[in-house]
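Working notes, structure below.
The values are calculated or read from the model by the stated rules, or taken from the named source; none is laboratory data. What you see is a predicted model, and the numbers here were worked out from it, not measured in a lab. Virtual Cβ from ideal backbone geometry, glycine too; neighbours counted across all protein chains shown.
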Amino acid sequence: MVLYVLKRIGGAVVVLWAIVTITFFLMHAIPGGPFTQEKKLPPAVLATVEARYHLNDPLAEQYADYLKHAAVLDLGPSYKYPGKTVNAIIKETFPVSAQLGAISLFLAIGAGLIAGMLAAWRKNSWVDYTMMIGATLGVSVPSFIIAAILIQLFAFTWPVLPAAMWKGPAYMIMPALALAAHPTAFIMRLTRSSILDVLAQDYIKTAKSRGVGTTALLCRHALRNALLPVVSYIGPLAAALLTGSFIVESIFSIPGLGRHFVTSIYNRDYTVILGITIFYSFLIIFMNLIIDMIYPLLDPRISLKKDKGV
Amino acid sequence: MTERDFEPIAIGDIESIYVPPQTLRQRGWQQMKQNRLAIAGIVIVTIMTLLAVVGPWLCPYTYAEQNLADANAYPSAAHWFGTDSLGRDLFVRVLYGARISLSIGLVASLINVCIGMVYGGIAGLAGGKTDRFMMHIVDILYAIPMLLYVILLMVVFKPGLVNIYIALGIAYWLNMARIVRGQILSLKEQDYVLAARSCGTSSWHILTRHMLPNCVGPIIVTLTLSIPDAIFTEAFLSFIGLGVSAPMASWGVLTSEGISSMRSFPFQLIFPAVALCITMLGFMFLGDGLRDALDPQNQKEGSR
């Protein structure tokens, strides 16, 4: 067990190193430096600025430098906002994104599980059909369209919710809904099919014949096994929430990291793009690691000693 | 089953219970025909493809033609879907957007299939150490959030149609490689491959005549389901300003332009959004139907 965890952490470090390397060289493959603008800087100023950010050093040296700083979690300065570091930007904006992400995560898992269980329990009834239609729509409508519809409905047609900004609970409802729609639909479909699979198994028949009630049957016996595919989806789900947050935060002008990432893409603020990419990758890899650790707690049949796959 | 199934048949009447043998493809088609959603998917995808191919030629306008005097016009007989803020006809732009979006979906997915098939095929056929090494690389790449790298690639490449093909094509082949490799590995162990080998059939013949045809089902299913993913990703890229360059327009570009003018001219969002969503639905129905029909794992369980 300990060996397995150590091995996985070692693997994660290798992946992170690969990520830092790929992103670093991708960013440096861009023709023109970060200070090449339409309005040309005087050569003397350009030289000073480039010297300040060590852009005149050989590439290998810059890479070693970046790696050294990244190892101690220092992601460097922003080029477009002088005096601000990427770390400061992340520290300032990430809590907002994390809050929004956590709300959406719980919303998606809760609503998705309940809806999926209902649909499976009442298979081929109107409940099932309504849920499935909703889920299909949720999967096929992009989140920015859902956000647009929500704003139109609840901020303008019936002005009950604020259309933008981030100042309190009421401001969180629409963004969380828009962000959670896609994953909720996905989890619902996943739960429905896995509960249907479980319900067809012999041990459910045994439980039924022992006189176990419907609620207990669904919640105690079926749900635990049906949870496995859902848990393995949480990794990709976290990634989906992150990328969804780029759009949702931009539309609702929420001062989170996602919106900042999009702005830095517009501004071509390379160090910030690089830093946030690395930060997000780190977050997702960390999530996946934790989920793989949780897995055997849910299903004793899976042991960590054996290598998965292959 | 009915009572009739248990009646003894007359000797010599053996033909009355004879069912002609069916190939996998025929059986798949039989199943597809019964699946109404899958048929709806086929119809939607076919219509959209036809509109995308011929539509723009049939319109009196072009996608880039500006007419500022007629800007932001509501839908009318002259402009079926109205016009945008530069007075461009929205109907032809939606049709043209279909061309761009569908081509992105198709080309990106085909690149994925090619890379995935070669990579997975080599790993599966080689087996042993080579296989383990190649799949280890796939596992490592799997941990990387690919969308971020598509974004990075687009920042590096500069936005544009060909660059979107490339960025999406080289980012999402991992799944395909895993599927092909798994398929080849399990096929290698099949008795009929052994039989073919013992008859002295060449490896090349076994690969092309026996193994690849058996991989086609899962590959087609994955391909169909990856097309809407690619269209979605492109819409996302367009939204954050990394899509195709103006005056070209994909559905992603049109919807994000529509969102900015949603308050005053809602039709500018509604038409491209509906086209996008219907197409996504079509591909998903088609993909699910194909999976039910072609996936051998489903066949064992029988129709549910």
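Which numbered condition trips up A:Lys123, out of (1) of a type in the set (Lys, Arg); (2) in contact (Cβ under 8 Å) with a residue 60 or more places away in the chain; (3) away from chain B (no Cβ under 14 Å)?
With respect to (1) of a type in the set (Lys, Arg); (2) in contact (Cβ under 8 Å) with a residue 60 or more places away in the chain; (3) away from chain B (no Cβ under 14 Å), A:Lys123 is out only on (3).
Got at least one residue in region B:31-40 being over 30 Å from B:Glu7 (Cβ atoms), part of a loop (DSSP other than H, G, I, E, B) and touching a Leu at 6+ places or on another chain (Cβ under 8 Å)? Break it down into steps so the answer makes sense when it comes.
To start, the set of residues in region B:31-40 that are over 30 Å from B:Glu7 (Cβ atoms) comprises B:32, B:35-40.
If we keep only those that are part of a loop (DSSP other than H, G, I, E, B) as well, we get B:35.
Add one more test, that the residue is touching a Leu at 6+ places or on another chain (Cβ under 8 Å), and what stays is none.
The answer is no; no qualifying residue exists.
Against the definition (farther than 28 Å from B:Met248 by Cβ, within 12 Å of chain A (Cβ to nearest Cβ), over 21 Å from the mean Cα position of the chain (by Cα) and free of Cβ contacts under 8 Å to residues at least 60 places away in the same chain), how does B:Arg132 come out, yes or no?
Values: farther than 28 Å from B:Met248 by Cβ: yes; within 12 Å of chain A (Cβ to nearest Cβ): yes; over 21 Å from the mean Cα position of the chain (by Cα): yes; free of Cβ contacts under 8 Å to residues at least 60 places away in the same chain: yes.
Spelling it out, B:Arg132 is indeed farther than 28 Å from B:Met248 by Cβ, within 12 Å of chain A (Cβ to nearest Cβ), over 21 Å from the mean Cα position of the chain (by Cα) and free of Cβ contacts under 8 Å to residues at least 60 places away in the same chain.
Restricting attention to region B:259-292, which residues are polar (S, T, N, Q) and either touching a helix residue (DSSP H, G or I) at 6+ places or on another chain (Cβ under 6 Å) or facing chain A (nearest Cβ under 9 Å) (or both)?
First, the residues of region B:259-292 that are polar (S, T, N, Q): B:260-261, B:264, B:268, B:279.
Listed by number, the residues that qualify are B:Ser261, B:Gln268, B:Thr279.
Listed here are the residues, each with its yes/no results for (1) within 13 Å of chain B (Cβ to nearest Cβ); (2) of a type in the set (A, V, I, L, M, F, W, C).
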| site | (1), (2) |
| --- | --- |
| A:Ala135 | yes, yes |
| A:Leu190 | no, yes |
| A:Thr206 | no, no |
| A:Arg210 | no, no |
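Just to be sure I understand, how many residues within region B:224-253 are within 21 Å of A:His182 (Cα to Cα) and either part of a helix (DSSP H, G or I) or of a type in the set (Gly, Ala, Ser) (or both)?
So the first thing to find is which residues in region B:224-253 are within 21 Å of A:His182 (Cα to Cα), and the list is B:224-240, B:251-253.
With either part of a helix (DSSP H, G or I) or of a type in the set (Gly, Ala, Ser) (or both) added as a condition, the list becomes B:224-239, B:251-253.
The total comes to 19.
Return yes or no: is A:Pro236 away from chain B (no Cβ under 13 Å) and either in contact (Cβ under 8 Å) with a residue 40 or more places away in the chain or under 18 Å from the mean Cα position of the chain (by Cα) (or both)?
Details: away from chain B (no Cβ under 13 Å): no; either in contact (Cβ under 8 Å) with a residue 40 or more places away in the chain or under 18 Å from the mean Cα position of the chain (by Cα) (or both): yes.
No.
Given the condition free of Cβ contacts under 8 Å to residues at least 40 places away in the same chain and away from chain A (no Cβ under 14 Å), answer yes or no: does some residue in region B:243-258 qualify? Don't jump to the end; show me each part of the working.
Let us first name the residues in region B:243-258 that are free of Cβ contacts under 8 Å to residues at least 40 places away in the same chain, namely B:246, B:255-256, B:258.
Next, from what is left, pick out any that are away from chain A (no Cβ under 14 Å): B:246.
Within region B:243-258 (the criterion being free of Cβ contacts under 8 Å to residues at least 40 places away in the same chain and away from chain A (no Cβ under 14 Å)), the answer is yes, since at least one residue qualifies.
In the list A:Ile145, A:Ile114, which residue meets the criterion of being within 14 Å of another protein chain (Cβ to nearest Cβ) and free of Cβ contacts under 8 Å to residues at least 60 places away in the same chain?
Values: A:Ile114 fails: within 14 Å of another protein chain (Cβ to nearest Cβ).
Going through A:Ile145, A:Ile114 in turn, just one is within 14 Å of another protein chain (Cβ to nearest Cβ) and free of Cβ contacts under 8 Å to residues at least 60 places away in the same chain: A:Ile145.
For region A:163-221, name all the residues that are among the β-branched types (Val, Ile, Thr) and surrounded by fewer than 23 Cβ atoms within 10 Å (Cβ to Cβ). Show your work before the answer.
Filtering region A:163-221 down to residues among the β-branched types (Val, Ile, Thr) leaves A:173, A:184, A:187, A:191, A:195, A:198, A:204, A:206, A:212, A:214-215.
Across region A:163-221, the qualifying residues are A:Ile173, A:Val198, A:Ile204, A:Thr206, A:Val212, A:Thr214, A:Thr215.
Let's see how each residue does on (1) at the interface with another protein chain (Cβ under 9 Å from one of its Cβ atoms); (2) farther than 25 Å from A:Gln62 by Cβ; (3) among the basic types (Lys, Arg):
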position: A:Leu241; (1), (2), (3): no, yes, no
position: A:Glu249; (1), (2), (3): no, yes, no
position: A:Ile254; (1), (2), (3): no, yes, no
position: A:Phe261; (1), (2), (3): yes, no, no
position: A:Gly275; (1), (2), (3): no, no, no
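Give me the residue from region B:159-171 that is within 13 Å of chain A (Cβ to nearest Cβ) and touching a residue at least 40 places away in the same chain (Cβ under 8 Å) and, out of that set, nearest to the chain's Cα centre (by Cα).
B:Ile170
Which of the residues spanning region A:251-279 are buried (at least 23 other Cβ atoms within 10 Å of the Cβ) and either among the small types (Gly, Ala, Ser) or under 10 Å from the mean Cα position of the chain (by Cα) (or both)?
Once the filter is applied, which keeps residues that are buried (at least 23 other Cβ atoms within 10 Å of the Cβ) and either among the small types (Gly, Ala, Ser) or under 10 Å from the mean Cα position of the chain (by Cα) (or both), region A:251-279 yields A:Gly256, A:Gly258, A:Ser264, A:Gly275.
Conditions (1) out of contact with any strand residue (DSSP E or B) (no Cβ under 9 Å at 6 or more places or on another chain); (2) among the hydroxyl-bearing types (Ser, Thr, Tyr); (3) more than 28 Å from B:Leu276 (Cα to Cα); (4) not in a loop (DSSP other than H, G, I, E, B), marked per residue:
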| position | (1), (2), (3), (4) |
| --- | --- |
| A:Phe106 | yes, no, yes, yes |
| A:Ile114 | yes, no, yes, yes |
| A:Ala119 | yes, no, no, yes |
| A:Asp128 | yes, no, no, yes |
| A:Val139 | yes, no, no, yes |
| A:Ile145 | yes, no, no, yes |
| A:Leu150 | yes, no, no, yes |
| A:Phe156 | yes, no, no, yes |
| A:Ala163 | yes, no, no, no |
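List, please: which pairs have Cβ atoms under 6 Å, are six or more places apart or on different chains, and start with a residue in region A:156-181 that is within 14 Å of chain B (Cβ to nearest Cβ) and modelled with pLDDT under 85 and end with one that is part of a helix (DSSP H, G or I) and surrounded by 19 or more Cβ atoms within 10 Å (Cβ to Cβ)?
A:Ala163/A:Ile151
Considering region B:220-242 alone, what residues qualify as being over 25 Å from B:Met176 (Cα atoms), in contact (Cβ under 8 Å) with a residue 24 or more places away in the chain and buried (at least 23 other Cβ atoms within 10 Å of the Cβ)?
The initial filter retains those residues of region B:220-242 that are over 25 Å from B:Met176 (Cα atoms), namely B:238-242.
Okay, now just the ones that are also in contact (Cβ under 8 Å) with a residue 24 or more places away in the chain, so B:240-242.
Once the filter is applied, which keeps residues that are over 25 Å from B:Met176 (Cα atoms), in contact (Cβ under 8 Å) with a residue 24 or more places away in the chain and buried (at least 23 other Cβ atoms within 10 Å of the Cβ), region B:220-242 yields only B:Leu242.
So, B:Val180, is that one in contact (Cβ under 8 Å) with a residue 60 or more places away in the chain and in a loop (DSSP other than H, G, I, E, B) or not?
Details: in contact (Cβ under 8 Å) with a residue 60 or more places away in the chain: yes; in a loop (DSSP other than H, G, I, E, B): no.
So B:Val180 does not fit the description; no.
Look at B:Tyr96 and say whether it is of a type in the set (Phe, Trp, Tyr), at pLDDT below 85, under 30 Å from the mean Cα position of the chain (by Cα) and under 19 Å from B:Leu161 (Cα atoms). Can you show your working first?
Working: of a type in the set (Phe, Trp, Tyr): yes; at pLDDT below 85: no; under 30 Å from the mean Cα position of the chain (by Cα): yes; under 19 Å from B:Leu161 (Cα atoms): yes.
No: the conditions fail for B:Tyr96.
Which of the helices (runs of 4 or more DSSP H) found entirely inside region A:196-310 contain at least 3 residues meeting this: at pLDDT below 80?
Details: elements: A:202-209, A:223-251, A:257-267, A:270-298.
Passing ranges, in order: A:223-251, A:257-267, A:270-298.
Does B:Ser203 satisfy the condition of being more than 14 Å from chain A (Cβ to nearest Cβ), closer than 28 Å to A:Leu242 by Cβ and either surrounded by fewer than 16 Cβ atoms within 10 Å (Cβ to Cβ) or touching a Pro at 6+ places or on another chain (Cβ under 6 Å) (or both)?
So B:Ser203 fails the test.
Tally the residues that are of a type outside the set (A, V, I, L, M) and at pLDDT below 80, restricting the search to region B:161-208. Full working, then the answer.
Within region B:161-208, the first condition is being of a type outside the set (A, V, I, L, M), and the residues that meet it are B:163, B:165, B:169, B:172-173, B:175, B:178, B:181-183, B:186, B:188-192, B:197-205, B:208.
The next check asks that each one be at pLDDT below 80; those that pass are B:203-204, B:208.
Count: 3.
Within region A:120-144, count every residue that is under 30 Å from B:Pro272 (Cβ atoms) and not small (Gly, Ala, Ser). Quick ask: steps written out before the conclusion?
Step one: list which residues in region A:120-144 are under 30 Å from B:Pro272 (Cβ atoms), which gives A:129-144.
Those left that are additionally not small (Gly, Ala, Ser): A:129-133, A:136-137, A:139, A:141-142, A:144.
So the answer is 11.
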